[in-house]
Amino acid sequence: MKKLAAWLLCLVWMAVIFWFSAMPGEVSSGQSGTVVELLLALLSLFSVKAESLDLSLLSLLVRKAAHMTEYAVLFFLLRRALRLSGVRHPELAALPLCVLYAAGDEFHQSFTEGRGPSPVDVCIDGAGALLMWGLLALWERMRKRAPAISEK
């Protein structure tokens, strides 16, 4: 049952990514703009003035961070499902699956109004998956060392 639930979560997350990609460019830009506005409001709490920032750069960073986050989550979910399915090195299977899905997703965007495919976005998506792999490896290393440290 755990294995089925893990794979269903993967499919749900892939559907979420597909749904975001199906949004017309204008809608997607609007969402990025909302996040930028929230960031500006947060930064104003620290006396950072919007005029001192490059808003187009901030918007670009928000959009690319969203790409990385989507695929970091996908990597996490795929790795878990693969591990529960008995795959010996689930990371080695999850990473190419993420990149393949990213490439397919970019192709899908070529049919979406105001959007287009970008090989750079596939690389950014892959970087998000790699980042999650690194974070998970670090987490596991810290967990293994924690009992040894408390025993001293």
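The values are calculated or read from the model by the stated rules, or taken from the named source; none is laboratory data. Note that the structure is predicted; figures quoted are calculated from it, not measured. All Cβ positions, even for glycine, are placed from backbone atoms using ideal geometry, and neighbour counts span all protein chains on display. Only protein heavy atoms, including side chains, enter the accessible area calculation; ligands, DNA and RNA are left aside. Shrake-Rupley method; radii C 1.70, N 1.55, O 1.52, S 1.80 Å.
Observations on the structure shown:
- Its Cα centre serving as origin, the range 13-93 has a Cβ charge dipole (Lys and Arg +1, Asp and Glu -1) of approximately 500 debye.
- Selected from P117, P90, A103, residue furthest toward positive end of dipole (the range 84-134; charges at beta carbon): P90
- For Y71, Y101, the ranking by accessible surface with the largest value first comes to Y101, Y71, using a 1.4 Å probe.
- Using only Cα coordinates, the Kirkwood hydrodynamic radius of the range 49-131 works out to 13.9 Å.
- Using C-alpha pairs below 8 Å separated by at least 6 residues, the relative contact order for the chain is 30 percent.
- FRET efficiency, S59 to F18 (Cβ-Cβ, R0 30 Å, nearest 0.05): 0.85
- L92 accessible area, 1.4 Å probe, all protein chains in place, Å² to nearest 10: 110 Å²
- Choice from H108, H67, H89 showing the highest fluctuation, given a GNM over the chain with Cα pairs closer than 10 Å: H89
- Sparse-neighbourhood loop sites, GluC sites (Glu not before Pro) in the range 57-128 - DSSP loop, at most 12 other Cβ within 10 angstrom: E113
- Percent accessible area from carbon and sulfur atoms, the chain, protein chains only, probe 1.4 Å: 70 percent
- Whole-Å distance, taken between Cα centres, linking the range 75-142 and the range 9-63: 20 Å
- Projected-area mean, the range 88-138, by convex hull of Cα positions, square nanometres: 3.7 nm²
- Residue-normalised accessible area of the chain, given per residue in Å² at a 1.4 Å probe: 66 Å²
- Computed over the chain with a Gaussian network model linking Cα atoms closer than 10 Å, the most mobile of A137, A127, A103 is A137.
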